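What follows draws every value from the coordinates through simple rules; no lab data is involved. Just so you know, these numbers come straight off a predicted model, no measurement behind them. As a convention, Cβ positions derive from the backbone with ideal geometry for all residues, glycine included, and neighbour counts pool all protein chains shown.
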Amino acid sequence: MGKLNRRQFLGSAAAAVSAASASSAAQAATAPTTTSTERVVVIGSGFGGGVSALRLGQAGVKVLVLERGRWWPTGPNAETFPHAASPDRRIGFYNLWPELFGKRIGINPYAGLLEPVSGDGITAVTPACVGGGSLVYQGMSMQPTEALFSAAFPAGIDYEEMARVFYPRVAKMLNLQTAPDELINTPNYLAARVFAQRAQAAGFDVEKINMPIDWRYALAELRGEMKPSYTNGDGALGVNNGGKSSVDVTYLKQAMDTGNVTVAALHNVTRVARAANGQWKVYVDRTDETGTVLEHKVITTQTLIMSAGTVNTVKLLVRAGAKGDITGLPAGLGEGYGTNGDQIYVWSDQGIDLGAPQGGPVVYGSREWDNPQIANTVIQASIPPLSKSSASPNTILPKALLPAAPQIATTDVGTGHATMLVGYGVSAGRGKFVYNPLTDKVELKWPKAGDATIAKRIKERLSAIAGPTGKLINTNDIVNSTWHSLGGANIGVVCDLEGRVKGQKGLYVLDGALMPGTTCACNPSMTIAAIVERALDRIVRHDVGTVI
Ligand SMILES: Cc1cc2nc3c(=O)[nH]c(=O)nc-3n(C[C@H](O)[C@H](O)[C@H](O)COP(=O)(O)OP(=O)(O)OC[C@H]3O[C@@H](n4cnc5c(N)ncnc54)[C@H](O)[C@@H]3O)c2cc1C
């Protein structure tokens, strides 16, 4: 994207329209439409899609997983993922570019990792890659207590079973472990140590956070055996060295190894509908890596699993309801959306050495879970090596990860006197997805001050940790954004406890959209995966051979 600002970018895109239009029209006209039938279609390959594909594949069911993004293979010293210090087209998904006749126009559209979806009052950062959020997430994996879980989830879900069977199953699949002291005591992890000391001094509990990371990779980096990826915070945009048990190399790999699961990358679902005979129709654009449509596919299936992530699952369903593609969708669809209370801060203090480069992604966190109304967790994360030039206001790509990136680049980032602090927690604020006939788009609406109570408590805690000389910038005050979109097809409201959409035989929601707008002061992935594991146990038992 270089040094274009958004206006210049859109201007050049518009200028390219006339040049591109003749060939694009020809391209769109020639993209063939094919039809096929599948036993099970899963839309999306993140946590929900990965768990669903594996458990159905193991049950002997043929599954086709449709994923709009590309594969991102790693290996020691790979150059697969972009670097925060030199962002390029691999960061942003091609949906950010204007489309004309099936072709993305402008400079360098690409099937990059992230798509920020701007709503009214909130920007939801969504992933776009095989493995979903597991490639770009930090990997914090937390299990709520029974008290917190029961306050949010329907009583029909037995916490004892979740804690005995499903959370441990996910922990094993993702090889969860905490960082070893041998690593934490190195200069690269000074910021983690300072955070822990100051949080304890402020009277807060501190603990190591479970991560899906083989920390021996980080130690190998420090011995000079691999280029830095963990140990300089660069892994915020994907870990080039590997060693991260993301969904592509765990759930999806094992799913494909069953011989029953196919993952179709660069397959963007544009519409879902129910046919007159009750089967499901899935309209898909197969694209190249620039987003140009190579083929239109219409796939018919008796079982459709929506795992496109909260925002995209709900958008597809709300649109289908508004357009009459699916009639009789349950009341409450599109409602109950929550942000998990995400608050992303930059903490800087010229008087404190926080180290640079900063190793990551995350080592320590502090839970404050006693009061279910304002239960929250705060953590320190390595600040990605954003330089003033990499996150300059003239680039839009870093905004895919952190919409306030250009503004924070003017702070002390990279000087050894700044790091990132993140808080999240229980919040009663809820937004909704609404179809707007004027724009023909599904829009996300977030109430002003929806997270005000939890945001206030997180700020108090972070202020106590930063101390009187610390400067805290809440990026949510600049651009209110979340990495943790949840709900919209809420469990017990729109879906039953196993994700079956009420009154819609063969239609399931199995991803973040199923959550009750919160994952109880915990990062979402573990609870999403555990709830979907629970659902699949029962779906395999009761629905395979009947519905499926
Ligand atoms: C920067 C960042 C950091 C995060 N850090 C953490 C963390 O530390 N711990 C944690 O637990 N969570 C974290 N999260 C959140 C976590 O990644 C998500 O909660 C989780 O990935 C959601 O899982 P999911 O199954 O709902 O869907 P996702 O993982 O979002 O997967 C959905 C998939 O569907 C695909 N898709 C979407 N639309 C279509 C379509 N139309 N056609 C085809 N495919 C489609 C997407 O490309 C994506 O791959 C983070 C998220 C971000 C963005």
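Subtracting the Cα-Cα distance of ASP537 and ALA428 from their residue separation scaled by 0.36 nm leaves 36.2 nm. Here the label points at ASP477 and ARG216, each 7 Å from Cα along the C-beta direction, are separated by 4.6 nm in the simple model.
Given the chain, report the % of alpha carbon pairs whose separation exceeds 30 Å. Percent of Cα pairs beyond 30 Å in the chain: 47. Note on region 164-232 and region 427-466: Cα centroid distance 30 Å, given to the nearest whole angstrom. Set Lys and Arg Cβ to +1 and Asp and Glu Cβ to -1, take the dipole of the chain about its Cα centre, and tell me which of MET306, GLY423, GLY259 lies farthest positive. Highest projection toward the positive end goes to MET306.
Applying 1/(1 + (r/R0)^6) with R0 = 45 Å to the Cβ-Cβ distance of ALA452 and THR30 gives a FRET efficiency near 0.30.
Computed on the Cα trace of region 28-107, the radius of gyration divided by the Kirkwood hydrodynamic radius gives Rg/Rh = 1.06.
Between TYR435 and GLU443, the built amide H atoms are under 5 Å apart, and every one of these is 5 or more places off in sequence or on another chain. Beyond 22 Å in Cα-Cα separation lie the following of the pairs LYS281/LYS323; LYS297/LYS323; LYS315/LYS456; LYS323/LYS399; LYS281/LYS441; LYS244/LYS399: LYS315/LYS456; LYS323/LYS399; LYS244/LYS399. DSSP assigns beta bridges within the chain; of those with both partners inside it, close to 70 percent run antiparallel. One Cα centroid belongs to region 99-125, the other to region 281-322; the line between them spans 16 Å. With a Förster radius of 51 Å applied to the beta-carbon distance between ASP158 and ASP88, the computed FRET efficiency rounds to 0.60.
Placing a pseudo-label 7 Å from each Cα along the Cα-to-Cβ vector at ASP181 and THR327 gives an inter-label distance of 6.8 nm. Summarised as an ellipsoid, region 206-333 has semi-axes of 39, 18, 15 Å, derived from the eigenvalues of the Cα gyration tensor scaled by 5 and square-rooted, with the largest first. Modelled label positions at LYS441 and LEU294, each set 7 Å beyond Cα in the direction of Cβ, lie 2.8 nm from each other.
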